[in-house]
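Student: The following block contains the structure, expressed as structure tokens.
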Amino acid sequence: MRLIGFEWRLREVMAAAGMFSTTKLVPLLEERGVYLSTSQVYRLAAEKPERMNMQALVALLDIFDCTFEGFAPRVVLGGAVAATGTADAAPDHGDSATNRLRESGLKPRRARILPPDA
């Protein structure tokens, strides 16, 4: 069995087009007959969707004049695995941001919230 998924690149595509605010997408989608709230558009850009309306997808492809492969390329998540003695190694699930962070050696730091007068 071969497991496949996709990498969601809406934020990258938006940035390449010089668009850094998801609210700017709302009227562009409406021009194409797709009516989403600002929070729905934000979630669409910030999170990898598990399912999506095809009209919304086609509208995004039209807005950014790109193909599906450039927007959400296929990623092989894995397949049949033979026992290799590396069972405690962390699995690679194709999440490129996580993999880049792991490879860079950087670790996230907990944010500190300071009082307003500091």
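Student: Across the range 6-32, which residue is farthest from L77 (Cα to Cα) among those that are charged (D, E, K, R) and assigned to a loop (DSSP other than H, G, I, E, B)?
Tutor: Quick first cut of the range 6-32, residues charged (D, E, K, R) only: 7, 9, 11-12, 24, 30-32.
Remaining after also requiring assigned to a loop (DSSP other than H, G, I, E, B): 7, 9, 31-32.
Numbers: E7: 11, R9: 17, E31: 36, R32: 34 Å.
The qualifying residue farthest from L77 (Cα to Cα) is E31.
Student: Just to be sure, is Y35 exposed (fewer than 13 other Cβ atoms within 10 Å of the Cβ), hydroxyl-bearing (S, T, Y) and either part of a helix (DSSP H, G or I) or over 15 Å from the mean Cα position of the chain (by Cα) (or both)? So that I can check it myself, show each step before the final result.
Tutor: Values: exposed (fewer than 13 other Cβ atoms within 10 Å of the Cβ): yes; hydroxyl-bearing (S, T, Y): yes; either part of a helix (DSSP H, G or I) or over 15 Å from the mean Cα position of the chain (by Cα) (or both): yes.
In short, yes.
Student: Separate question: Would you check if there is a residue in the range 55-72 being assigned to a helix (DSSP H, G or I), among the hydrophobic types (A, V, I, L, M, F, W, C) and modelled with pLDDT under 85? Even if it seems obvious, please write down each step before you answer.
Tutor: Let us first name the residues in the range 55-72 that are assigned to a helix (DSSP H, G or I), namely 55-63, 68-71.
The next check asks that each one be among the hydrophobic types (A, V, I, L, M, F, W, C); those that pass are 56-61, 63, 68, 71.
Restricting the remaining residues to those that are modelled with pLDDT under 85 gives none.
There is no residue in the range 55-72 that is assigned to a helix (DSSP H, G or I), among the hydrophobic types (A, V, I, L, M, F, W, C) and modelled with pLDDT under 85.
Student: Sticking with this structure for a sec: Please determine whether any residue of the range 45-60 is at negative phi and over 18 Å from the mean Cα position of the chain (by Cα).
Tutor: Yes: one or more hits.
The values are calculated or read from the model by the stated rules, or taken from the named source; none is laboratory data. None of these values were measured; they are calculated from a predicted model. As a convention, Cβ positions derive from the backbone with ideal geometry for all residues, glycine included, and neighbour counts pool all protein chains shown.
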